[in-house]
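Take a look at the structure set out below.
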Amino acid sequence: MKLETRRVRPGLWRIERRTAPTAGVAALVPLVSILLALLLGALLLLLAGQNPLVVYGAMLNGAFGSLNGVAETIVKTIPLSLAALGVGIAFRMLLWNIGAEGQLYFGAIAATGLALYVMPWAPTVVLLPMMVLAGFVGGALWGLIPGALRAFLNVNEIITSLMLNYVAILFSEYLVHGPWRNPQGLGFPGTRTLPDSAWLPRLSPTRVHLGLLLAVIAAGVLFVILRRTWWGYEIRVIGENQRAARYAGINIPRNMLLVMAVSGGLAGIAGMSEVAGIAHQLQRSLSPGYGYTAIIVAWLAKLNPWSTLMVAFLFAGLLVGGDQLQISMGLPAAIAPMLQGTILFFLLGGEVLSRYRLTKVRRGPTPDLNPAQR
Amino acid sequence: MNAVELTSVTKRFGSVVANDNVTFAAQVGEVHALLGENGAGKSTLMSVLAGLYRPDAGTIAVNGAVQHFRSPRDAIAQGIGMVYQHFMLVDSLTVAENAMLGQAGHGVRLHTAPVERELAELGQRYGLAVDPRARIWQLSVGEQQRVEILRLLYRGAKVLVFDEPTAVLTPQEAAGLIGTLRDMAADGLCIIFISHKLDEVLAVADRITVLRHGRTVTTVERRATNRHELARLMVGRELMGVVADQPQAVAGDAGVVNLEVRGLSAEGDKGVRALQGVELQVRSGEILGIAGVAGNGQRELAEVITGLRRATSGEVRIGGQDTTRCSPREIVAAGVAHIPEDRNGTGLIPSLDLQDNLILKHYRQQPLARGLFLNGAAIGNFADRLLSKYNVAAPSRAAKARLLSGGNQQKLLLARELSGQPRLIVAVHPTRGVDVGATEAIHHLLLAQRSRGAAVLLISEDLDELLALSDRIAVLYEGKVMDTVPARGADVGYLGLLMAGGAQSGAADHGRPMDTGGIINQDVAH
Amino acid sequence: MLVISVLAAAIGAGTAILFACLGEILCERAGILNLGVEGMMLSGALAGFATTYGTGNPWLGALAALAAGGLLSLIHALLTISLNANQVVSGLALTLFGGGLTAFLGQPLVGLPAPASFGKLPIPGLAAIPVLGPILFRQDALTYLSYALVPLLWYWIYRTRPGLYLRAVGESPATVDAMGLSVQRLRYIYVVLGGMLAGLGGAAISLASNPGWTENMTAGRGWIAIALVIFATWNPTRAAVGAYLFGGVEALQFRLQGAGTSISPFFLNMLPYLFTIIVLVLATRETVRRRIAAPAALGLPYFREERS
């Protein structure tokens, strides 16, 4: 009697599908994938002739080794988490909004325009909330373009939202080189500095600003919406099964518009907070790709608002560490996005593997036929 | 001589044992039926034979030699082919191109002409005519099935496995297929016929192997058994029949018209006319059965009535109110329950928990929602109440829906749909793929709704089910209602003729001398 | 004369997009969506330039570009085909990874002059044909290669047996599986081939149309190629039309900038991206109207040993 034995060796161990990953495994996967990504990164660094321990050490030290390092990490956590929260809510509905970068820029443009040209006279208590609103609206409108094209014409939102990133960045460059250019800018492309009333208060002596509160509030509001309201339920149903959503009478186009508006709006607030909290003007390269990193952050956080804040903090550390490398060792800061991509790869692979487990086969189905398994 | 022999085959999916130590053998030149109810493990066993699944234990022998199938390629090479329940055809390709898929060693260039010729010849020989140049999507379901069979013959299959092949055919087509299968067996092929229908098994088979709960019960000679014995072997207890004949419509003609469909036309997904001038009326306390071969507009009819598809012309009135242009939500609010054809893809969200599935149609209503917020406690009570009222076997309301068996999933769906005391129930294949116990429960639920005064539109491909439950039966063919007849005393032969598009408008003439199963019985004495 | 030179430049500029688009067509025909085209093009561009810089031979550079694109796509293949990971996210990861990796590894090469590249190579005889000659036959070797590739792929997809399998696996992997073909093997082959072509597309920039290396030098052309697949309705010949259309927009944009128009260069630079959106909207409407669908199984993982 020969047994079917090709799958795994003589039936002692086999790979089985889990019905659901256990909580422990689910938490372990992101950690392990980060570790593996760092290992692979180390390999690449070795190939590039660098000592990975020294490089990682410098990054870690730069990001978390000093009060100022931690503060800078928090500074970058703010836009990263806001954009990632936005990306996350869209992903939850399987709307692949990868236009957070452009939406961030449009939020920044709207907020800057408001503070410089519409109501520069307003006191802080009025101006700042209005700027948050402007940032939200700017980002929301930019997000609504791919949202509407998808909802009404079924145009692939991945490509349109990405193309609009290029358009938004070029438009902001046009503004800072052209009509909004600061005449006293000494050749640096950028707008005039915002009035003091438009500056988000800082926790001196660091650059950590009130935008942090915006990010925490946004996470809290999203959490409540997703878990406690019927709108969150609708988003969940649409994300899991669009046909069932239609069958249940859920208005899918309207939800697509709403979600893309919120998604873009959150990225827009990220742009506003960069302008009002850090740059105090609209300038070139306002964002070092926060909108793209946000995609990884959102996925790594499993689209959960609170985890998003945590993961954003870690990734902000990666960015600060990368910058630090450039300053102290003359290495390209691009090591950060490279590591991010690698982490995402391992996460994707790990997520799938966590749904399987290796189990020992207890006994053969018919012991008398399977002496080999005893 | 045994063409194929499966010995002690065990196949598990996760913790579910689909086949437990099953032994099965079929001979050259016979039609061997594999009988068992839904979920008994018939399809799994044959997928093992076809190389699609690898058994966890056990052997496969072809013509006496043990074989190890790593993929369907190996099984095909040994002359084993399967006609799957869901046809394995590529819609956008032609018949000939489908036949050429995976054919080994014929060069790089695509030469379709010789294949087309050979397919035409084979079609002639077995009475399976179909245009080899047609694209699959242009063919009817019956023709697609012929393509599947022709492909196997073209590829030189000696053992042909048919998985519930009559489910998609009219009674006449089914009788024709049974004749073809007998011819093929007489030509020296080995035919394995999977079914859960006693009559057709008795009509087609030489020998019958019965499976129950994944195990072999026994193998019997056709000559040495009867319907009664087979039923007992299959279910493990006396079969009640599909719910004994029920008292006819409570209200009869006097009931209020809950659903009225007038001159309704609509397009299908491919842009072709799917419904043409459909006229229907369903009264309170009445079950109207819709019979027809798959793909004749049943799905579109259900979708238009429930607001999921736009009508191109005509009118739908529910409880007297014109709902033709209403959104799905408005139609739900008008008191319409919908049990869709595609349970896991439309009716339920398998990845969400039972509670979330149960509130799918009610989540914005008091007390489940208060303003924008969901009321967790009320939702929990609501879910628990429904789960116990409808006897859904589930560990808890927080379990994922995909973990339930087919029957329990369907009960979950019914629990949600019937909980709103609907005035109209649109049920599409409500018992497809569920076991006998759940089928009985579902039939009783539908009959109870009728007694309560609901109007039921029951769409099914199972004529027995329609005959047992309906008050009247309408036959849909190419999107048109061919005729509507009272279910009591309805003639299966006449219904079959209508399903095939014949006897159009001969409304009064349904006195052809064929009783239930008659056409099939004629073939029994082979 | 101006028109001819713009058209000639359009073809030169369109070649990179064409290679990438052809690659993505193969990949999507097999049922796998690969949004990593931008990353694979960048890796091809860098590998091509670096190899040429080291060896002085652009052909070796082109080979390296093929290898780099193929290698990157192998990651995507592994994740999506063997591990059933989400194809959208995996493709995005590939683009982000490719961008970061090339920026990191390519740092020392930024701004270096190319020691050799694919120069214009007029074909004797054909180049002398009026109008068509200067447009079509005074191009570089990679462009000529792309001319050959379009009919070749068309023939492969529609007129050969392996092409039949390719069309089938993207439409109904279950059928292909039941017919004894390996879904996984087919998909691996075409995903990697697609990646190689994307890599070659990158090299067509760094070794031909724009010799040299700068960070993110593909500037969204990978995404444009993905959008063009829909415009092309997964057909190689239509891909050529689309790619040259975009090459034309690019050529026109440089022409206008050179001619000193009053339009801000920032707006001119937006043209290809805006044009992509417009083309995508029109193409989507067209496919809806004519009921041309993407390969039915596109983006869906295939597993056999599991019951629905």
Residue check, A:MET256 against (1) in contact with an Asp or Glu (Cβ under 9 Å, 6 or more places away or on another chain); (2) surrounded by fewer than 20 Cβ atoms within 10 Å (Cβ to Cβ), all met but one. Which one? (2)
Being surrounded by fewer than 17 Cβ atoms within 10 Å (Cβ to Cβ), part of a helix (DSSP H, G or I) and more than 14 Å from chain C (Cβ to nearest Cβ) is true for just one of A:VAL125, A:VAL137, A:VAL132. Which residue is that? A:VAL125
Out of curiosity, is B:ALA508 assigned by TED's automatic domain parsing to the domain that holds B:GLY320, part of a loop (DSSP other than H, G, I, E, B), at pLDDT below 90 and in contact with a helix residue (DSSP H, G or I) (Cβ under 8 Å, 6 or more places away or on another chain)? no
Output for segment B:191-205, where each listed residue is touching a helix residue (DSSP H, G or I) at 6+ places or on another chain (Cβ under 6 Å), farther than 12 Å from B:ILE178 by Cα and outside any helix (DSSP H, G or I): B:ILE194, B:SER195
Step by step: first the residues of segment B:337-355, then only those that are within 7 Å of another protein chain (Cβ to nearest Cβ) and free of Cβ contacts under 8 Å to residues at least 12 places away in the same chain, then the one that is nearest to B:LEU424 (Cα to Cα). Which residue is that? B:THR346
On the basis of being modelled with pLDDT under 90, over 30 Å from B:ALA57 (Cα atoms) and buried (at least 17 other Cβ atoms within 10 Å of the Cβ), does B:LEU288 make the cut? no
When residues of segment B:311-336 are filtered for being away from chain A (no Cβ under 14 Å), more than 29 Å from the chain's Cα centre (by Cα) and not in a strand (DSSP E or B), how many remain? 3
Need the failing condition index for A:ILE335 against (1) within 13 Å of the chain's Cα centre (by Cα); (2) more than 24 Å from A:LEU144 (Cβ to Cβ); (3) within 14 Å of chain C (Cβ to nearest Cβ); (4) of a type in the set (Val, Ile, Thr), just the number. (1)
Looking at segment B:183-196, which of its residues are crowded, with 18+ Cβ neighbours inside 10 Å and not aromatic (Phe, Trp, Tyr)? B:MET184, B:ALA185, B:LEU189, B:CYS190, B:ILE191, B:ILE192, B:ILE194, B:SER195, B:HIS196
Only unsatisfied item for A:ILE169, checking (1) within 27 Å of C:VAL229 (Cβ to Cβ); (2) facing chain C (nearest Cβ under 8 Å), is (2)
Test of understanding: among B:LEU368, B:LEU358, which residue is at the interface with chain A (Cβ under 10 Å from one of its Cβ atoms) and buried (at least 17 other Cβ atoms within 10 Å of the Cβ)? B:LEU368
Yes or no: segment B:126-133 includes at least one residue that is of a type outside the set (Phe, Trp, Tyr), assigned to a helix (DSSP H, G or I) and surrounded by 12 or more Cβ atoms within 10 Å (Cβ to Cβ). no
Could you grab me the full set of residues in segment A:182-226 that are surrounded by 14 or more Cβ atoms within 10 Å (Cβ to Cβ) and of a type in the set (Phe, Trp, Tyr)? A:TRP199, A:PHE223
Can you find, within segment B:23-59, the residue that is surrounded by the fewest Cβ atoms within 10 Å (Cβ to Cβ) among those that are within 11 Å of chain A (Cβ to nearest Cβ) and in contact with a Gly (Cβ under 9 Å, 6 or more places away or on another chain)? B:THR23
Quick check on A:PHE152: is it hydrophobic (A, V, I, L, M, F, W, C), closer than 29 Å to C:ILE230 by Cβ and touching a residue at least 60 places away in the same chain (Cβ under 8 Å)? yes
The listed residue being without any contact (Cβ under 8 Å) to a residue 24 or more places away in the chain, surrounded by fewer than 24 Cβ atoms within 10 Å (Cβ to Cβ) and within 20 Å of the chain's Cα centre (by Cα), out of C:LEU83, C:LEU60, C:LEU121, C:LEU126: C:LEU60
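From B:ALA427, B:ALA438, grab the single residue that is outside the structural domain of B:ASN38 (by TED's automatic domain parsing) and modelled with pLDDT under 90.
On the way: B:ALA427 fails: modelled with pLDDT under 90.
The unique qualifying residue is B:ALA438.
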Go through A:LEU339, A:LEU325 for me and flag whichever is surrounded by fewer than 24 Cβ atoms within 10 Å (Cβ to Cβ) and part of a helix (DSSP H, G or I). A:LEU325
Looking at this structure, is C:VAL88 at pLDDT 95 or above and of a type in the set (A, V, I, L, M)? no
Six or more apart or on different chains, Cβ under 9 Å: which pairs go from a residue in segment C:284-298 that's more than 11 Å from chain A (Cβ to nearest Cβ) and assigned to a loop (DSSP other than H, G, I, E, B) to one that's among the basic types (Lys, Arg) and surrounded by fewer than 13 Cβ atoms within 10 Å (Cβ to Cβ)? Could you list them? C:ARG291/B:LYS270
Looking only at residues in segment C:86-103 that are farther than 12 Å from C:ASN34 by Cβ and in contact with an Asp or Glu (Cβ under 8 Å, 6 or more places away or on another chain), which one is farthest from the other protein chains (Cβ to nearest Cβ)? C:THR102
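Please work out if B:ALA75 is within 29 Å of the chain's Cα centre (by Cα), small (Gly, Ala, Ser) and at the interface with another protein chain (Cβ under 8 Å from one of its Cβ atoms).
So B:ALA75 passes the test.
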All helices (runs of 4 or more DSSP H) inside segment C:146-252 with 1 or more residues being among the hydroxyl-bearing types (Ser, Thr, Tyr) and within 10 Å of another protein chain (Cβ to nearest Cβ): C:161-171, C:173-178
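The values are calculated or read from the model by the stated rules, or taken from the named source; none is laboratory data. Just so it is clear, the structure is predicted and the values come from calculations on it, not from any experiment. Counting neighbours? That spans all protein chains shown, and the Cβs are built from the backbone with ideal geometry, glycine included.
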